[in-house]
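Take a look at the structure set out below.
Laboratory data are not the source of any read-out in this text; all were calculated from the coordinates shown. Because the structure is a prediction, the values reported are computed rather than measured. Methodologically, a virtual Cβ is constructed for each residue, glycine included, from the backbone with ideal geometry; neighbour enumeration extends over all protein chains shown.
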Amino acid sequence: MRTRIISAAVGIVILLAVLYMHSTVVLPIAVSAISAMMLFELLRAAKLDSHKGLLAVVEICGIAVPMLYSVYFVKDETMNVQKPSVFTPAAILAVTLLCTFAVFFVWLRKHKEIRCEQAFFALAVMIMVPQSMSTAILLDRRSGLFYLIMALCGAWIADTGAYFTGVTIGKHKLCPEISPKKTVEGFIGGIVTTGIVYSIAFCIHNGFELSQVLFAFILGGVCAVIGTLGDLSASMIKRQVGIKDYGNIMPGHGGIMDRFDSVLFVLPLFYAFVVLVHGLLAARIQF
């Protein structure tokens, strides 16, 4: 327990430092590093880390994509607003396509050693992980630090609420073959906890309105559900390949993938929410 607490404290300090310097290049570098470590742990779980060519291609994509997303928004000096860059999406697509072709090239050369399901697994995580994690950068650049923190809370608070509720009153197993410790009561507790935290946080940030409280509670609950889906998906991979944790970089907590599996699913959902709401408000104003 002591090791787990110390490890968590170190992780929180690093996270706070990154968030404090969120408007600098520190955030994209941190996202690139996290994406690269997540990809390494996933490929190692699939027994692909020994294929250096494949690993290098996947890591290049995992590092390059978040760094490119850091210049996705450019400042329009005439209107003093942030506007999407024309160059960045094309560059991201080009890098992703080149890395995709490289994965198939490596697979063709090593077809006797790399099975088709392994190749497509590597391809899937190479595209999903950096794209998903990069929404942290887009969210910060577009809407600010508060919304980035709320997106992270949508994953981690649900996990905390589910843990304490499950320990206290949990009796009915949620998915015993995938995650034996998760309970239905804990799952519901995570949803309620996240909804309450979201309601309070949004009221403090935006002021109290009943409609906003209800909407924030629903949004928090949805994030908790999606975060649990991400957690269970990562656990399912571990069960199928026969490992307990993705790594030991965080003693007592496992690997980076063990800590960011929920975030991987919640971040893009939350970013989609922000884009949708801003689009609806803009359309309403124009109307």
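Overview of values
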item: Lys, Arg +1 and Asp, Glu -1 on Cβ, resulting dipole of the chain about Cα centre, debye, nearest 20; result: 580 debye
item: In sequence order, calculated HN-Hα J values of the range 176-191 (Karplus, 6.51, -1.76, 1.60; Hz; x Gly/Pro); result: x, 7, 9, 9, x, 7, 6, 10, 4, 5, x, 4, 5, x, x, 5
item: Rel. contact order, % - alpha carbon contacts under 8 angstrom, at least six apart, the chain; result: 20 percent
item: Two-site label geometry, Leu93 and Ala124: point separation in nm, points 7 Å out along Cα→Cβ; result: 2.5 nm
item: Exposure proxy order (Cβ contacts within 10 Å, fewest to most) of Arg142, Arg259; result: Arg142, Arg259
item: Lysine pairs meeting the criterion (Cα under 16 Å, 8 or more apart or interchain), as found in the chain; result: 15
item: MRE, 222 nm, helices only [DSSP H, n ≥ 4, -39500 (n - 2.57), over the chain, to nearest 500]; result: -27000 deg cm²/dmol
item: Residue-wise HN-Hα coupling along the range 26-34, computed from phi with Karplus coefficients 6.51, -1.76, 1.60 (Hz; x: Gly, Pro); result: 4, 4, x, 5, 5, 5, 4, 5, 5
item: Fully extended contour minus Cα-Cα distance, from Ile60 to Glu177, at 0.36 nm per residue; result: 38.6 nm
item: Length-normalised contact order for the range 23-143 - Cα pairs under 8 Å, 6+ apart - percent; result: 38 percent
item: Rounded to the nearest 20 debye, dipole of the range 144-287 from Cβ charges on Lys, Arg, Asp, Glu; result: 220 debye
item: For Ala46, distant residues with modelled amide H under 5 Å away; result: none
item: Cut-off under 5 Å, modelled amide H: who pairs with Phe73 long-range; result: Ser85
item: Charge-dipole axis of the range 56-166 as Lys and Arg at +1 and Asp and Glu at -1 on Cβ define it, positive-most pick from Ile114, Ala90, Thr160; result: Ile114
item: Partnerless cysteines, meaning none of the other Cys C-beta atoms lie under 4.7 Å away, in the chain; result: Cys116, Cys153, Cys175, Cys203, Cys223
item: Given charges at Cβ of Lys, Arg, Asp, Glu: the range 129-287 dipole, positive-most of Gly227, Ile149, Pro176; result: Pro176
item: HN-Hα J in Hz across the range 127-140 - Karplus 6.51, -1.76, 1.60, θ = phi - 60°, x for Gly and Pro; result: 7, 6, 4, x, 5, 5, 5, 5, 5, 4, 5, 4, 5, 5
item: Nonlocal amide H pairs with Cys175, under 5 Å, H built at 1.01 Å; result: Lys182
item: Highest-fluctuation residue, Val277, Val266, Val184 considered, GNM on the chain with Cα pairs under 10 Å; result: Val277
item: Residue exposure sequence - Ile191, Ile200 - by fewest surrounding Cβ within 10 Å; result: Ile200, Ile191
item: Prolate/oblate/rounded call for the chain, Cα gyration tensor, a/c under 1.5 rounded; result: oblate
item: Rounded, prolate or oblate (a/c below 1.5 giving rounded, otherwise prolate when a/b exceeds b/c) for the range 55-183 by Cα gyration tensor; result: oblate
